[in-house]
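Here is the structure we will look at, set down as C-alpha cells.
Every number in this text was worked out from the coordinates using simple rules, so none of it is lab data. Bear in mind the structure is a predicted one, so any value in this text is a computation, not a measurement. Heads up, the Cβs are rebuilt from the backbone with ideal geometry, glycines too, and the neighbour counts pull from every protein chain shown.
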Amino acid sequence: MIDVEVKSQVGSFGNNFNNRVEEALGNATDFWTAYKKGVFKPSQKPWLGYLFMLEEDEKSVRPTQRIGLKPFGVDEAFQELSYAKRYELVCERLVRELLYDAACFFTSSAKTGIRGAYDQPNEELSIRNFEGYLKPLALTDGEYELDPIADLRPVCPNSHAMLHRGEGVLSIEKLRARLKVAGG
C-alpha cells in the first residue's frame, strides 16, 4: 500500500503553519497506529509519503521575528526562519523521525504557478527524489519509468483548487484556456 498525504498553503502563514504541522504529525501517528493494529491486513508494511506545496510570497520567504513562549520555549532551530524554511525543516524532520518514508517540499507563486513554475529549495525534498522512492514501489511490469518533469505538474494552490472545481478534474491546458478567455 502506498499513501501520500498532499497538502498546500496559501496566505495566513502564521495562523496555518502550526495547524499543518499538527495535521502531519497526527495523521502519521494515526496511520502507523492503524497499521500496528492490523487495520490494513493482509498487507506488507505500507509506504507513507508527505508532499507539501507552499505559496511563494513575500510573507512566506522573509525571516520571522523571534518567539518567546512560556512555560515551554520554542525550538531554536525554528527561530527567525521564514515560513518556507520552517516547512522545509519540518519536512526533513518528518522523514528523519521515521514518521514518513519520504517528503517533498516545493514552492510556487500565484503568478507563475499556472505556467508550471516552481522552486525546490532542498534536493533531499525535491520532486525527483520523492519520485525515486515511488518508482520502485509502483512498477508492476518494470516497463514504465515515471518522469517527474513530464508526469508531475505542480501548480500553485489557487490553480489546484480551480482544477478541482465542479465536476471532474480540468487539465492544466483547459484551465489555461478558460483563464485566457476570462482575461486572466
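Residue ranges 114-124, 96-106 sort as 96-106, 114-124 when ordered by packing (mean number of other C-beta atoms within 10 Å per residue, highest first).
Show me 47-53, 67-73 ranked by packing, highest mean number of other Cβ atoms within 10 Å first. Walk me through the numbers on the way to the answer.
On the way: 47-53: 21.4, 67-73: 7.3.
Ranked by mean Cβ neighbours within 10 Å, highest first: 47-53, 67-73.
Rounded to whole Å, the principal axis extents of the Cα atoms in region 6-142 read 48, 45, 21, largest first. Amide H contacts of residue 110 (H built 1.01 Å from N, in plane; Pro and chain starts excluded): 56 sit under 5 Å, all sequence-distant by 5 or more or on other chains.
In a DSSP loop and with at most 15 other Cβ atoms within 10 Å, the GluC sites (Glu not before Pro) in region 47-92 are 80.
Take every DSSP beta bridge with both residues inside region 1-125 and express the antiparallel ones as a percent of the total, to the nearest 5. The answer is about 5 percent antiparallel.
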